[in-house]
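Okay, structure first, notes after.
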Amino acid sequence: MSIQNIPEIFILKNKSLPDLLVHDYRMTEDVVKNKANLSVNMFSFLQTGQKHIHFANESVAVNEKQSILIKHGNCLFTELLNHEQVYYCKLFFFSQKVLEDFLIKYKKHFANTSSASKKEAPFFVIANDEYINSFIRSLAAVTRLISSTGQQLLAVKFEEIMLYLASKYGEPFIQYLYALVKNDQHSLLKKTVENNVATALKIEEIAFLCNMSLSTFKRAFTKEYNENPGKWLQKKRLQKARELLQMSKQKHSEIYQDFGYKNLSNFSTAFKNEFGISPREVHSE
């Protein structure tokens, strides 16, 4: 699957990417694990359907009663229809420059809040309320205006929603904003790999979340772990599967897909080759 560069795909050719952009996004069929590169930060105000997002270190799911603020970077989108015929969300994109200018402008306003985030996350989930619903409706009116006036009003609307969320959520939200502009000094590869051991993500999908090509990822992985990623992940995932079978009442036929195996036979064969016994025998111990 090709990578979607967002929001560039929503902009006409020969048009530059503005600091603020609103786009109405609609679909009539489900999309699963769509690769997306967000060049800027994004509000996703979900109106109908469900959105599941897989980041380098964690994943999150939201429904139409929620909105989500997403950090720029690579992620995997799964977007699902409910009973409606159309999946719909209003997207509000903003650049790092706009965010940095906002934090500088309201620095005194946030003076009593620590800028050191205890946990850096690529997203912040927002519970929709009447104010937010009204804000979403107001964006539609702004985007119908001519470009120069529309951009000026979008700047006002951006400050409005940021100040409202800072008032609603307080320090956790403000800490999140500061984390968005903070350089991450940790090893993205190691964090991404070890947070996706017990998932069904393919190696190329993990490489994508690390912002690496597959070949670059394999070289970096081998340097970090002294083993190729395919063998390392299979071993770790089989160990996790064995632990799960020993600790729970789930059967091997219920978990094999969670660890990236397309059929039960392949899972059972790999399991027996690794441990000398079948998963069925582990479950019956």
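The values are calculated or read from the model by the stated rules, or taken from the named source; none is laboratory data. On a predicted model such as this, the values are computed, not experimentally measured, just so you know. So basically every Cβ, Gly included, is an ideal-geometry build from the backbone, and we count neighbours across all protein chains shown. Keep in mind that these areas ignore ligands, DNA and RNA; they rest on the heavy atoms of the full protein, side chains included. Shrake-Rupley method; radii C 1.70, N 1.55, O 1.52, S 1.80 Å.
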Degrees, to the nearest 10: 171-180 long Cα axis against longest axis of the chain: 80
field: Per-residue [θ]222 nm for the chain (sum of -39500 (n - 2.57) over DSSP H runs n ≥ 4, rounded to 500)
entry: -13500 deg cm²/dmol
field: Top positive-direction residue, dipole computed over segment 148-285 with Cβ charges, set ASN195, PRO172, MET247
entry: MET247
- prompt: In degrees between 0 and 90, to the nearest 10, how far off the longest principal axis of the chain does helix 147-169 point, with axes built from Cα atoms?
  reply: 60
message: Looking at the chain only, what percent of DSSP beta bridges run antiparallel? Nearest 5 please.
response: 95
query: Could you give the accessible area per residue of the chain, probe 1.4 Å, as a whole number in Å²?
result: 55
query: For the cross-link pairs LYS65/LYS202; LYS202/LYS262; LYS240/LYS262; LYS15/LYS35; LYS191/LYS236, which exceed 19 Å when the distance is taken from alpha carbon to alpha carbon?
result: LYS65/LYS202; LYS15/LYS35
Loop trypsin sites (Lys or Arg not before Pro), segment 172-263, which have at most 15 other Cβ atoms in a 10 Å radius of their Cβ (DSSP): LYS182, LYS202, LYS249, LYS251, LYS262
- request: Keeping the other protein chains in place, figure out the carbon and sulfur percent of the accessible area of the chain, with a 1.4 Å probe.
  value: 49
task: Output the direction-averaged projected area (hull surface divided by four) of the convex hull of the alpha-carbon atoms of segment 223-285, in nm².
output: 4.4
- line: Label model pair LEU214, LYS33: point-to-point distance (7 angstrom along the Cα→beta-carbon line) in nm is 1.3
task: Any chance you could give the angle, 0 to 90 degrees and rounded to 10, that helix 264-275 forms with the longest Cα principal axis of the chain?
output: 70
task: Nearest 5 is fine: what % of DSSP beta bridges in segment 2-161 come out antiparallel, could you say?
output: 95
field: Loop-located trypsin sites (Lys or Arg not before Pro) in segment 1-105, at most 15 other Cβ atoms within 10 Å (DSSP)
entry: LYS13, LYS15, LYS65
field: Structure-derived Cα extents along the principal axes in Å - corresponding label in (1) 69, 43, 39; (2) 65, 38, 36; (3) 59, 44, 29
entry: (1)
message: How charged is the neighbourhood of GLU8? Take every other residue with its Cβ under 15 Å from the Cβ of GLU8, and add Lys/Arg as +1 and Asp/Glu as -1.
response: +2
- prompt: Which whole-Hz couplings ³J(HN,Hα) result when phi for each residue of segment 125-133 is put into the Karplus expression 6.51 cos²θ - 1.76 cosθ + 1.60, θ = phi - 60°, listed in order with x for Gly and Pro?
  reply: 7, 10, 7, 5, 9, 5, 5, 5, 4
message: Rounded to the nearest 10 Å², what accessible area does HIS252 have for a 1.4 Å probe in the complete protein model?
response: 20
